[in-house]
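The values are calculated or read from the model by the stated rules, or taken from the named source; none is laboratory data. None of the values given here were measured: they were computed from a predicted structure. Here Cβ is always computed from backbone atoms with ideal geometry, including for glycine, and neighbour counts include all displayed protein chains.
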Amino acid sequence: MNVKKFVVGNFYDEAVLFPAVTKVRRAGYKIHDVYTPFPVHGLDKAMGLKDTDLHIAGFIYGITGTSTALGFITWMLTRDWPLNFGGKPHFSLPAWIPITFELTVLFAAVGMVLTFCWLCQLAPFVKKDHFNPRSTDDTFTMAIECTDKTNEAEAIAFLQSVGAQDVEVQHREADWWIGRYDRETVRFGKKVPQV
């Protein structure tokens, strides 16, 4: 397990969170993530996150679906089992457009969902640590990853100065692991309460 140390602060107002994210980045701290109970417009830009490449993956999956449909239909109706449909040619591209479109959409949709789940580490069997269970209800939680150069006391004081409340140091698993939330888990030598 990849256990890391984090300085975690909670914010109770979105208006306080935005300037705090900018100040924390400007101070040189490494923001692990900001957990919010609802999508916050512009937070990704404030955190300095780059745009996703999911649209490129969607295009590749769509082209794969188009190629699969056209290739399979062409092979099937011109080589493997050519049929005479009222004297139409065996290679009848206009008649294949609906099926080609449907396979393009199917490949793109399923591929993008699976890619999104893989990138975000989402699945029914995947378990991740929660820094604060209230971040799914009514608080905004910012986790700063501690490195060898991070002074914890200074980081705690800095987060409090930018408006964070309930600031504390936590040791958490940074990656995901296979587990379930509905069963009691033993982590770091003690039982972990269920969230």
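Can you pull out every residue in the stretch 45-65 that is under 30 Å from residue 24 (Cβ atoms) and either under 17 Å from the mean Cα position of the chain (by Cα) or assigned by TED's automatic domain parsing to the domain that holds residue 17 (or both)?
If the condition is that a residue be under 30 Å from residue 24 (Cβ atoms) and either under 17 Å from the mean Cα position of the chain (by Cα) or assigned by TED's automatic domain parsing to the domain that holds residue 17 (or both), then 45, 47, 48, 49, 50, 51, 52, 53, 54, 55 are the ones that fit.
Search the stretch 91-131 for residues being within 18 Å of the chain's Cα centre (by Cα), of a type outside the set (A, V, I, L, M, F, W, C) and at pLDDT 85 or above, and hand back the single one that is farthest from residue 79 (Cα to Cα).
Of the stretch 91-131, the ones within 18 Å of the chain's Cα centre (by Cα) are 108-131.
Cutting the leftovers down to of a type outside the set (A, V, I, L, M, F, W, C) gives us 111, 115, 121, 124, 127-130.
Filter again for at pLDDT 85 or above, leaving 111, 115.
On the way: 111: 29, 115: 35 Å.
In this case the residue turns out to be 115.
Criterion first (within 25 Å of residue 171 (Cβ to Cβ) and among the hydroxyl-bearing types (Ser, Thr, Tyr)) does residue 139 satisfy it? Full working, then the answer.
Working: within 25 Å of residue 171 (Cβ to Cβ): yes; among the hydroxyl-bearing types (Ser, Thr, Tyr): yes.
Spelling it out, residue 139 is indeed within 25 Å of residue 171 (Cβ to Cβ) and among the hydroxyl-bearing types (Ser, Thr, Tyr).
Identify the residue in the stretch 119-158 that is among the β-branched types (Val, Ile, Thr) and in a helix (DSSP H, G or I) and, among all such residues, is surrounded by the fewest Cβ atoms within 10 Å (Cβ to Cβ).
136
For residue 9, all conditions in the list (1) within 30 Å of residue 127 (Cβ to Cβ); (2) in the same structural domain as residue 164 (by TED's automatic domain parsing); (3) not in a strand (DSSP E or B) hold save one; what is the number of the exception?
Unmet condition: (3).
Sort out which residues of the stretch 12-33 are among the β-branched types (Val, Ile, Thr) and part of a strand (DSSP E or B), and write them in order of number. Step through it out loud before you land on a result.
Start the filter on the stretch 12-33 by keeping residues that are among the β-branched types (Val, Ile, Thr), which leaves 16, 21-22, 24, 31.
Across the stretch 12-33, the qualifying residue is only 31.
Report whether or not residue 16 is in contact with a Phe, Trp or Tyr (Cβ under 6 Å, 6 or more places away or on another chain), more than 30 Å from residue 100 (Cα to Cα) and either modelled with pLDDT under 90 or not assigned by TED's automatic domain parsing to the domain that holds residue 111 (or both).
No, not satisfied.
Take the conditions surrounded by 14 or more Cβ atoms within 10 Å (Cβ to Cβ), assigned to a helix (DSSP H, G or I) and touching a His at 6+ places or on another chain (Cβ under 8 Å) and apply them to residue 77. Does it pass?
yes
Residues being crowded, with 16+ Cβ neighbours inside 10 Å and not in a loop (DSSP other than H, G, I, E, B): count how many of those fall in the stretch 34-59.
So the count comes out to 6.
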